[in-house]
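Colleague: Please find one structure pasted underneath; my questions will follow.
The values are calculated or read from the model by the stated rules, or taken from the named source; none is laboratory data. The shown structure was predicted, so the numbers you read here are calculated from the model rather than taken from an experiment. Here the Cβ positions follow ideal geometry from the backbone for every residue, glycine too, while neighbour counts run over all protein chains shown. Side chains included, ligands, DNA and RNA excluded: accessible areas come from the protein's heavy atoms. Shrake-Rupley method; radii C 1.70, N 1.55, O 1.52, S 1.80 Å.
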Amino acid sequence: MTGGMTDNVILVGFMGAGKSSVGRILAARLGRCFVETDEMITAKEGRPIPEIFAEQGEARFRALEDEAVRLLALKRGDVIATGGGLPCRGGRLEALRAIGTVVWLSGDFATLYERALRGGDRPMLHGRTREQAEALYEARKSFYSRADLAVDTTTLNPDQVAAEVQKALRGWARPPQHWPPHPTLSPSGGEGTLS
Ligand code: S3P
């Protein structure tokens with residue numbers, strides 16, 4: 001893959017980074033389809049994510065994410081928004097990099113946290129203090145930082161972020177790949193006790 005039209009563009013980042021709104025704008029501008037892993041999961045399960053967490057727990061949700069990641073391997077040229085915790089377990093970031101250009105929508109914790117609290121029901125913030133949410137954010141950064149590209153969203157609106165992603169993609173030439181095209185996903189090595 002060379003970053004051309006067959007390459008997916010995959011957005012990762014913490015809750016509140018704007019992956020869905022930026023992804024939708026970006027897909028429209030690039031004339032590509034927009035896919036969301038959270039939507040794939042809710043469509044398959046026929047119920048919203050907070051219900052999956054409440055009834056079957058986080059482990060079940062993460063297993064559904066594994067399945068979504070496997071299905072993403074069939075995508076070509078799409079813009080894909082991932083859930084905030086999706087790349088944060090063993091092998092997942094690498095699996096995403098094998099099927100496209102991974103862009104980390106970053107930002108400072110206070111800004112992302114405020115946005116996340118304002119924008120809908122997020123089970124990962126249930127029963128977590130602000131300090132605990134910040135610890136989760138810090139732990140996840142080491143996963144996100146393995147993305148191909150990063151755009152800091154802290155002071156930008158979704159339109160501006162989409163423009164920055166486009167700019168970053170234009171300057172991006174994927175280096176030769178050293179990883180296998182379909183790496184084996186390891187169920188371990190995730191956030192462990194943090195999630
Ligand atoms: C999660 C983030 C959510 C969703 C699920 C778990 C997480 O997506 O996938 O609630 O672990 O951070 P957003 O990042 O779009 O909020």
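Colleague: Scan the stretch 25-42 for residues that are of a type outside the set (Asp, Glu) and free of Cβ contacts under 8 Å to residues at least 12 places away in the same chain and jot them down. Break it down stepwise before answering.
Modeller: The first filter runs over the stretch 25-42 and keeps only residues of a type outside the set (Asp, Glu), leaving 25-35, 37, 40-42.
Answer for the stretch 25-42, where residues must be of a type outside the set (Asp, Glu) and free of Cβ contacts under 8 Å to residues at least 12 places away in the same chain: Ala28, Gly31, Thr42.
Colleague: Across the stretch 29-57, what is the total count of residues that are under 18 Å from the mean Cα position of the chain (by Cα), exposed (fewer than 14 other Cβ atoms within 10 Å of the Cβ) and among the charged types (D, E, K, R)?
Modeller: So the count comes out to 0.
Colleague: If you go through the stretch 25-57, how many residues are part of a helix (DSSP H, G or I) and at negative phi?
Modeller: Step one: list which residues in the stretch 25-57 are part of a helix (DSSP H, G or I), which gives 25-30, 37-45, 49-57.
Now narrow it down to the ones that are at negative phi: 25-30, 37-45, 49-56.
Counting residues in the stretch 25-57 that are part of a helix (DSSP H, G or I) and at negative phi gives 23.
Colleague: Moving on. (1) more than 13 Å from the ligand (Cβ to nearest atom); (2) touching a helix residue (DSSP H, G or I) at 6+ places or on another chain (Cβ under 7 Å): which one isn't true of Thr37, the others all being true?
Modeller: Only one criterion in (1) more than 13 Å from the ligand (Cβ to nearest atom); (2) touching a helix residue (DSSP H, G or I) at 6+ places or on another chain (Cβ under 7 Å) is unmet by Thr37, namely (1).
Colleague: List, please: which pairs have Cβ atoms under 8 Å, are six or more places apart or on different chains, and start with a residue in the stretch 43-64 that is within 22 Å of Arg92 (Cβ to Cβ) and end with one that is in a helix (DSSP H, G or I) and open to solvent by 70 Å² or more (accessible area, probe 1.4 Å)?
Modeller: That search, which allows pairs on different chains as well, returns Ile52/Arg60; Leu64/Lys44.
Colleague: Taking the stretch 150-163, which residues are of a type outside the set (Val, Ile, Thr), in contact (Cβ under 8 Å) with a residue 40 or more places away in the chain and surrounded by fewer than 19 Cβ atoms within 10 Å (Cβ to Cβ)? Before you say what the answer is, go through the steps one by one.
Modeller: Step one: list which residues in the stretch 150-163 are of a type outside the set (Val, Ile, Thr), which gives 150, 152, 156-160, 162-163.
Now restrict to residues that are in contact (Cβ under 8 Å) with a residue 40 or more places away in the chain: 150, 152, 158-159, 162.
Within the stretch 150-163, Ala150, Asp152, Pro158, Asp159 meet the criteria.
Colleague: Another question about this same structure. Among the listed residues Leu64, Leu26, which satisfies the condition of being within 15 Å of the chain's Cα centre (by Cα), closer than 19 Å to Arg97 by Cβ and either open to solvent by less than 40 Å² (accessible area, probe 1.4 Å) or within 13 Å of the ligand (Cβ to nearest atom) (or both)? Don't jump to the end; show me each part of the working.
Modeller: Values: Leu64 fails: closer than 19 Å to Arg97 by Cβ.
Among Leu64, Leu26, only Leu26 is within 15 Å of the chain's Cα centre (by Cα), closer than 19 Å to Arg97 by Cβ and either open to solvent by less than 40 Å² (accessible area, probe 1.4 Å) or within 13 Å of the ligand (Cβ to nearest atom) (or both).
Colleague: Restricting attention to the stretch 142-191, report how many residues are part of a loop (DSSP other than H, G, I, E, B), modelled with pLDDT of 95 or more and basic (Lys, Arg). Give the derivation first.
Modeller: If we filter the stretch 142-191 for residues that are part of a loop (DSSP other than H, G, I, E, B), which is where we start, we get 145-148, 153-157, 171-191.
Cutting the leftovers down to modelled with pLDDT of 95 or more gives us 145-148, 153-157.
Filter again for basic (Lys, Arg), leaving 146.
Result for the stretch 142-191: 1.
Colleague: Among the residues that make up the stretch 118-139, is at least one of them open to solvent by less than 30 Å² (accessible area, probe 1.4 Å), out of contact with any helix residue (DSSP H, G or I) (no Cβ under 8 Å at 6 or more places or on another chain), within 13 Å of the ligand (Cβ to nearest atom) and under 15 Å from Gly13 (Cα atoms)?
Modeller: no
Colleague: A further question follows. Just the residues that are more than 17 Å from Leu156 (Cα to Cα) and open to solvent by 40 Å² or more (accessible area, probe 1.4 Å), please, taken from the stretch 90-117. Write out each step before concluding.
Modeller: From the stretch 90-117, those more than 17 Å from Leu156 (Cα to Cα) are 90-102, 117; that's our starting set.
Once the filter is applied, which keeps residues that are more than 17 Å from Leu156 (Cα to Cα) and open to solvent by 40 Å² or more (accessible area, probe 1.4 Å), the stretch 90-117 yields Glu94, Arg97, Leu117.
Okay, residues lined up against (1) within 15 Å of the chain's Cα centre (by Cα); (2) assigned to a helix (DSSP H, G or I); (3) at pLDDT below 95; (4) farther than 19 Å from Val35 by Cβ:
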residue: Ala59; (1), (2), (3), (4): no, yes, no, yes
residue: Gly85; (1), (2), (3), (4): yes, no, no, no
residue: Gly90; (1), (2), (3), (4): yes, no, yes, yes
residue: Val103; (1), (2), (3), (4): yes, no, no, no
